[in-house]
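To keep things clear, I will list the structure first and then write my remarks on it.
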Amino acid sequence: MMLFFFSFVILYLLTAWICSNIATNPKKEFTDKHKPIYVASNGVHTAIIIPVENIDTKLKLNPNTKYVAFGWGDKGFFLNTPTWGDLTFSTAVNAVFLKSPTAMHVTEYKKTASDWKKIMINDYQLISIEKNILDTFQLKEDKGFIKIEGYTYGTNDTFYEANGNYTCLNTCNTWTNDILKKAEIKTAIWTPFDSGILKHL
């Protein structure tokens, strides 16, 4: 059993490293890139950040919010691990090895940060990114988003129920990577890690 586990880990890391280093080849080349988006990472988890005026979120945002970050991930990990000190073995195992429910983490910002990776895109790409992000939210019968009450990391963020399941093959960074790929933005062919995205930006 231990041999199988270590063999899986080695194969997983090797596959991730290879695929993370192979860049996509977008089918379309755009010249009219006049709108910015950003990709940010906390060292593990990535999020896509969009200026408020460029996305119709239908979210109740603060009036002084200028940028909105969207990060998809394992619901249990998000809600029960506000800091790495809160990480438990069961939470980690569930997130990595089991198909687990997911949540969308929405964070509001008043200004950009120096470590955000800026990407210039056009209207076609923006529409693709907006659609695929908003399609990730679970919807109520009235088409509203389902807010997860009682959970927050601070005063500028909110959690919502999301579609999809989290596994070691479909991580928060895989979600970010897929959003970028669908918008014809150069990124990794597949990556479970943030480095596989950032190195191509």
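Laboratory data are not the source of any read-out in this text; all were calculated from the coordinates shown. Please read all numbers here as calculations on a predicted model, not as lab measurements. Every residue, glycine among them, receives a Cβ derived from its backbone with ideal geometry; neighbour counts consider all protein chains shown.
Calculated [222 nm] ellipticity per residue, helices only, for the chain: -9000 deg cm²/dmol; basis is -39500 (n - 2.57) per DSSP H run with n ≥ 4, divided by all residues, nearest 500. The stretch between residue 112 and residue 3, if pulled fully straight at 0.36 nm per residue, gains 34.6 nm over its current Cα-Cα span. Remark: for residue pairs 66/131; 58/99; 75/140, the C-alpha separation exceeds 27 Å in 58/99. Residues of the stretch 20-49 falling in the label zone of residue 189, defined by backbone nitrogen less than 14 Å from a point 7 Å along Cα to beta-carbon, are 20-26.
Sequence-distant contacts, meaning Cα pairs under 8 Å at least 6 residues apart, place the relative contact order of the chain at 30 percent.
Given their separation in residues at 0.36 nm each and the Cα-Cα distance between them, residue 153 and residue 42 gain 38.6 nm when the chain is fully extended. In the list (1) 13.6; (2) 11.7; (3) 12.4, the label attached to mean projected area of the Cα convex hull in nm² as derived from the coordinates here is (3). Here the calculated FRET efficiency for residue 56 and residue 199, from their Cβ-Cβ distance with R0 = 41 Å, stands at 0.85, rounded to the nearest 0.05. The gain in end-to-end length when the residue 163 to residue 35 segment is fully stretched comes to 43.3 nm, 0.36 nm per residue minus the alpha carbon separation.
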